[in-house]
Amino acid sequence: ARAEGPTRYRFHTDAMAQAIRERVDLEALLRHGIERNQFALQYQPRVDLASGTVIGVEALVRWRHPVLGLVPPARFIPLAEETGLIDDLDMWVLDEACARAATWRAQGLPPLRVSVNLSARQFQQAGLAQRVQAALERSSLPPACLEIEITESTVMRDTGEATSVLRSLKALGVALSIDDFGTGYSSLSYLKRFPIDVLKIDRSFVSDVTADPNDAAIACAIIALAHTLNLEAVAEGVETAEQAAFLRENGCDEIQGYYFSPPVWPEQIERMFAEKTAN
Ligand code: C2E
Ligand code: CA
Ligand code: CA
Ligand code: CA
């Protein structure tokens, strides 16, 4: 066993060295990407189930790397959070999404609420409300046209602190939604006190909603909870007509998912409305 020691040790350090090298490489690439403005936003429509119309879009960030191609957020958001690069990235996303929504308003598109995801780290940062306000002012976007999505696990981490951050955001006049709802451990008494507008039912309950009675029960319970608290229920990850029908029948307010549209580039959102009015 002793003879194997050094070999195993070397194997270990090689693997570690490689892991560290890859991480450093990705971090350097990410830093460089932020400096070079290699990021772009896609938008996924949110559809009102009663009227069947698009009433909002969620901004989702994409990294367009010249060599790596289009890098999905799952590949770089966690690293961006760990390294603090998310601060710059999320602020860029906020500015870009507000500017886009303002442009759409100016172009005469039907009113759309644009929602933006905030990382846990951003949510905990002092001066968040001032930064959101500055982005609204730069774009002249009416605050009611902006929605901020914060995950359930982020707001439930420190409910006391979360309440005051949510209040400071709400005071600006923006809409607030709790993302990935149902996956964390919500304190219902806090949920009632949070100045929020929307619960987004996590995709994990939606994907099997027509096949798994447990998921159906959870989805219905979240819809009922949302309505009891005077909030809107939005289902994410809706992929089929059956899922959409189930959700409509059970009172869900809005859906988002591949069934209606995947996230698309802004030009495609504009085309979507151009076609609508042409018909
Ligand atoms: P999320 O906020 O839960 O966003 C929804 C994700 O589900 C998106 O993945 C979207 O493309 C995907 N999706 C939408 N409809 C469907 C569907 O019908 N089926 C399936 N299977 N998936 C669907 P995406 O764009 O890869 O983003 C992943 C996550 O990365 C987001 O989850 C969000 O947590 C994070 N993220 C994206 N953009 C930003 C950002 O600008 N800032 C921060 N902090 N996080 C972001
Ligand atoms: Ca989201
Ligand atoms: Ca979500
Ligand atoms: Ca999710």
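The values are calculated or read from the model by the stated rules, or taken from the named source; none is laboratory data. Quick caveat: nothing in here was measured; it's all calculated off a predicted structure. Cβ coordinates were reconstructed from backbone atoms using ideal geometry, including for glycine residues, and neighbour counts include every protein chain displayed. To get the accessible areas, we keep the full protein, side chains included, count just its heavy atoms, and leave off ligands, DNA and RNA. Shrake-Rupley method; radii C 1.70, N 1.55, O 1.52, S 1.80 Å.
Below is a table of values for the structure above.
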| read-out | value |
| --- | --- |
| Candidate residues 240, 163: accessible-area rank, largest first, probe 1.4 Å | 240, 163 |
| Computed over the range 118-246, the ratio Rg/Rh where both radii use C-alpha atoms and Rh is Kirkwood | 1.01 |
| Around residue 100: net Lys/Arg minus Asp/Glu count, Cβ-Cβ under 13 Å | -2 |
| Residue-span extension gain [residue 188 to residue 171] - 0.36 nm each, minus C-alpha spacing | 3.9 nm |
| Pairs of alpha carbons in the range 173-222 whose separation is greater than 14 Å (percent) | 55 percent |
| Positive dipole terminus of the range 155-257, leading residue within 191, 163, 235 (C-beta point charges) | 163 |
| Computed FRET value (nearest 0.05) for residue 249 with residue 229, which takes r as the C-beta separation and R₀ as 25 Å | 0.75 |
| Residue-level accessible surface for residue 170, protein heavy atoms, 1.4 Å, Å² | 60 Å² |
| Carbon and sulfur %, accessible surface of the chain computed with the full protein complex present, 1.4 Å | 52 percent |
| Span-like helix ranges in the chain, DSSP H, alpha carbon extent 27 angstrom or more, Kyte mean at least 1.6 | none |
| Gain in span if fully extended, residue 241 to residue 106, counting 0.36 nm per residue against the direct Cα distance | 45.2 nm |
| Distance from the range 178-218 to the range 31-103 (C-alpha centre basis), Å | 23 Å |
| Span from the the range 125-171 Cα centroid across to the the range 224-255 one, whole angstrom | 24 Å |
| 1.4 Å probe accessible area per residue over the chain, in Å² | 51 Å² |
| Nearest-20 debye value, the chain charge dipole, Cβ charges on Lys, Arg, Asp, Glu | 620 debye |
| Net charge dipole size for the range 71-225 [Lys, Arg +1 and Asp, Glu -1 on Cβ; Debye, nearest 20] | 540 debye |
| Inter-probe distance in nm under a simple model that places probes 7 Å from Cα toward Cβ, at residue 74 and residue 99 | 3.0 nm |
| Simple label model, 7 Å out from Cα along Cβ direction - residue 268 to residue 221, nm | 3.6 nm |
| Net length gained if the chain between residue 31 and residue 130 were fully extended (0.36 nm per residue, minus Cα distance) | 33.2 nm |
| Under Karplus coefficients 6.51, -1.76 and 1.60, residue-wise ³J(HN,Hα) of the range 188-201 in Hz, glycine/proline x | 5, 5, 6, 3, 5, 8, 5, x, 9, 10, 9, 10, 9, 5 |
| Mean ellipticity per residue at 222 nm, deg cm²/dmol - from DSSP H runs of n ≥ 4 across the chain, formula -39500 (n - 2.57) | -16500 deg cm²/dmol |
| Accessible surface of residue 36 - all protein chains present, 1.4 Å probe, nearest 10 Å² | 150 Å² |
| Most to least accessible of 60, 136 (protein chains only, probe 1.4 Å) | 60, 136 |
| The chain: most fluctuating residue of 257, 184, 237 per GNM, C-alpha cutoff 10 Å | 184 |
